[in-house]
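A short write-up of the structure that comes next.
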Amino acid sequence: MTEKTASEKIEEEEIVIDVDEPELTVEDLPGVGPATAEKLREAGFEELLAIAVMSPSELAEQAELGEAVSAKIIAGAKKMADIGGFVSGTALLDRRKTVQKLTSGSPNFDELLGGGFETQAIVEVFGEFGSGKTQIGHQLAVNSILPLDKGGFDGEVFYIDTEDTFRPERIAQMAEAVGMDPQDALDRIHVARAYNSAHQILLVDEIKRMSKNLDVKLIIVDSLTSHFRAEYIGRGMLAPRQQKLNKHMKELKQLSDVNNALVLVTNQVMSKPDAMWGDPTKAIGGHIVAHASTFRLYLRKSKGGRRIARLIDSPNLPDGEAVFTVTTEGLRD
Ligand code: GTP
Ligand code: MG
């Protein structure tokens with residue numbers, strides 16, 4: 001890790017939270033010595049706010065501390081953490097002006113999204129098998145590397161692959177089609193295979209660490225829900241599953257805000273047999289995933305290899321549909 005100068009750090013903070021005081025660290029908490037600080041960091045608690053919003057039993061479990069100690073640490077964090085607070089609409093509009101848009105390669109699709117996939121957002125793409133979710137992931141990965149004047153982000157891509165469906169050959173094909181050296185493209189796409197949901201969650205921490213030295217512009221989790229779905233089975237597991245998913249999505253959203261990056265998550269729909277009992281177009285993960293996503297896209301297959309994307313519940317765009325195709329070159333109208 002390269003050390004950043006104080007002025008560089010302050011500059012970054014100004015973009016994100018507009019503070020000029022040095023940030024407090026876990027060591028500043030009452031009763032936290034080097035060993036406890038290490039435990040907190042290892043459990044992923046770098047920021048005071050993250051500690052302030054925990055319950056003593058949760059913190060005790062996750063950081064392997066006693067409950068009494070945890071309660072004391074949380075109380076301290078509540079007093080010292082920067083809770084955020086209220087900002088003016090003008091400040092928010094300024095923040096909106098920093099939003100960047102990424103092309104999908106299909107003008108129809110881009111138009112549906114008001115010009116492309118936005119940064120500072122989580123986009124959830126859900127649909128049945130073969131509807132094109134993974135293809136969208138691959139295409140956005142390639143396009144992220146494009147220069148800004150070509151609809152890209154000129155940034156690094158992090159791809160969390162839970163289903164072992166990332167294909168470098170496919171990236172190479174799509175890169176060549178947009179006139180990019182496939183090798184350059186593959187060099188800037190960082191892929192990790194997540195073996196279970198806990199690993200998937202840890203990989204987000206790893207991206208956070210790597211974002212200190214790399215310009216993270218796109219994070220893909222393909223699929224967001226498959227491990228959770230396989231591991232948490234039965235009614236009694238629903239609440240813990242949703243809690244974990246909720247926290248996972250909050251961490252992803254934070255990454256997107258801090259780095260002015262786009263997060264793309266894919267999600268399956270209920271399988272066909274479930275259609276007897278419920279809506280076959282319902283995404284897995286329920287309200288938690290739906291609510292945590294900024295934009296939701298429902299994909300379905302249509303005649304002649306075409307795909308239809310429907311935009312649902314957007315905060316600032318009309319609901320609507322776009323037709324696109326998946327070709328050897330990638331996504332096109
Ligand atoms: P699941 O992960 O199984 O839920 O599906 P998905 O929604 O991720 O589907 P995916 O994005 O993998 O889409 C697969 C489909 O994309 C294939 O059935 C093909 O129609 C299309 N496809 C994939 N690769 C190519 C290619 O190289 N050329 C063309 N023309 N089509 C492709
Ligand atoms: Mg897929």
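The values are calculated or read from the model by the stated rules, or taken from the named source; none is laboratory data. Only a predicted model underlies this, so the values are computations on that prediction, with no experimental measurement involved. Cβ atoms come from the backbone with ideal geometry, glycine included; neighbour counts cover every protein chain shown. Just the protein is used for accessible areas: all its heavy atoms, side chains included, with ligands, DNA and RNA removed. Shrake-Rupley method; radii C 1.70, N 1.55, O 1.52, S 1.80 Å.
Quick look at the numbers
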read-out	value
Any hit, the range 274-290, residues being of a type in the set (Ser, Thr, Tyr) and modelled with pLDDT of 80 or more	no
Those residues of the range 154-175 which are touching a residue at least 24 places away in the same chain (Cβ under 8 Å) and not in a loop (DSSP other than H, G, I, E, B), in sequence order	156, 157, 158, 159, 160, 161, 170, 171, 173, 174, 175
Residue 87, sole failed condition from (1) part of a loop (DSSP other than H, G, I, E, B); (2) surrounded by 15 or more Cβ atoms within 10 Å (Cβ to Cβ); (3) at pLDDT below 90	(2)
Flag for residue 149 being among the acidic types (Asp, Glu), open to solvent by 60 Å² or more (accessible area, probe 1.4 Å), within 16 Å of ligand 2 (Cβ to nearest atom) and not in a strand (DSSP E or B)	no
Some residue of the range 174-189 being open to solvent by less than 70 Å² (accessible area, probe 1.4 Å), among the charged types (D, E, K, R) and within 16 Å of ligand 2 (Cβ to nearest atom)	no
Within the range 194-213, considering residues that are modelled with pLDDT under 95 and more than 16 Å from the chain's Cα centre (by Cα), the one farthest from residue 121 (Cα to Cα)	213
Residue identified as in contact (Cβ under 8 Å) with a residue 24 or more places away in the chain, in contact with a helix residue (DSSP H, G or I) (Cβ under 9 Å, 6 or more places away or on another chain), open to solvent by 50 Å² or more (accessible area, probe 1.4 Å) and away from ligand 2 (no atom under 16 Å from the Cβ) among 103, 119, 98	98
The one condition in (1) at pLDDT below 95; (2) open to solvent by 70 Å² or more (accessible area, probe 1.4 Å); (3) away from ligand 1 (no atom under 16 Å from the Cβ) that residue 111 fails to fulfil	(1)
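Rundown of residues vs (1) in a loop (DSSP other than H, G, I, E, B); (2) open to solvent by less than 10 Å² (accessible area, probe 1.4 Å); (3) under 22 Å from residue 201 (Cα atoms); (4) assigned by TED's automatic domain parsing to the domain that holds residue 208, yes/no style:
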{"site": "51", "(1), (2), (3), (4)": "no, yes, yes, no"}
{"site": "54", "(1), (2), (3), (4)": "yes, no, yes, no"}
{"site": "59", "(1), (2), (3), (4)": "no, yes, yes, no"}
{"site": "69", "(1), (2), (3), (4)": "no, no, no, no"}
